[in-house]
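Q: To start, I am sharing the structure in question, which I have written as structure tokens.
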Amino acid sequence: MGRQSPYPEEFRRDAVALYRAGGGKRTYAAVAAELGITGETLRTWVRKDTGANGSAVRGGSGPESQADELARLRAENARLLRAEKEWQLEREILRRAAAYFAREVK
């Protein structure tokens, strides 16, 4: 018995769907970097999902199913929310730095 993954099942499914939505044009590492995981982790999830489903959905041969689109959009939404939080933190740091230096100039 291995250790339990720190990532919820829904996140893993969304990550796999996001990778597959790229139609093979994006690398594991590129998609994984957006999600804050390693490329090897994503590759393992895609491999396991391919084994469970019996075939891979690669190359964008058909239209994206609603479930795949929903998973892709959820993963993208999570990525954008994380980016927004990072930007808010950066803005707060810059605001405080500007206030500090403004006091120093007076």
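Q: Kindly list the number of the only condition in (1) of a type in the set (Asp, Glu); (2) modelled with pLDDT of 90 or more; (3) surrounded by 15 or more Cβ atoms within 10 Å (Cβ to Cβ) that fails for Glu34.
A: Result: Glu34 fails condition (2) only.
Q: Spot the failing condition for Ala52; the list is (1) closer than 13 Å to Arg13 by Cα; (2) modelled with pLDDT under 90; (3) within 19 Å of the chain's Cα centre (by Cα), and only one is missed.
A: Failed condition: (3).
Yes/no per residue for (1) modelled with pLDDT under 85; (2) part of a helix (DSSP H, G or I); (3) surrounded by 10 or more Cβ atoms within 10 Å (Cβ to Cβ):
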| position | (1), (2), (3) |
| --- | --- |
| Glu10 | no, yes, yes |
| Lys25 | yes, no, no |
| Arg47 | no, yes, yes |
| Leu70 | no, yes, yes |
| Arg74 | no, yes, yes |
| Ala102 | no, yes, no |
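Q: Any residue in region 1-21 that is under 14 Å from Arg79 (Cβ atoms) and in contact (Cβ under 8 Å) with a residue 24 or more places away in the chain sitting within a Cβ distance under 8 Å of a residue that is of a type in the set (Lys, Arg) and assigned to a helix (DSSP H, G or I)? List the pairs, counting only those 6 or more apart or interchain.
A: Hits for this filter: Asp14/Arg72; Asp14/Arg74; Ala17/Arg72; Leu18/Arg72; Ala21/Arg72.
The values are calculated or read from the model by the stated rules, or taken from the named source; none is laboratory data. Being a predicted model, the structure only gives us computed values, none of them experimental. Neighbour counts run over all protein chains shown; Cβ positions are idealised from the backbone, glycine included.
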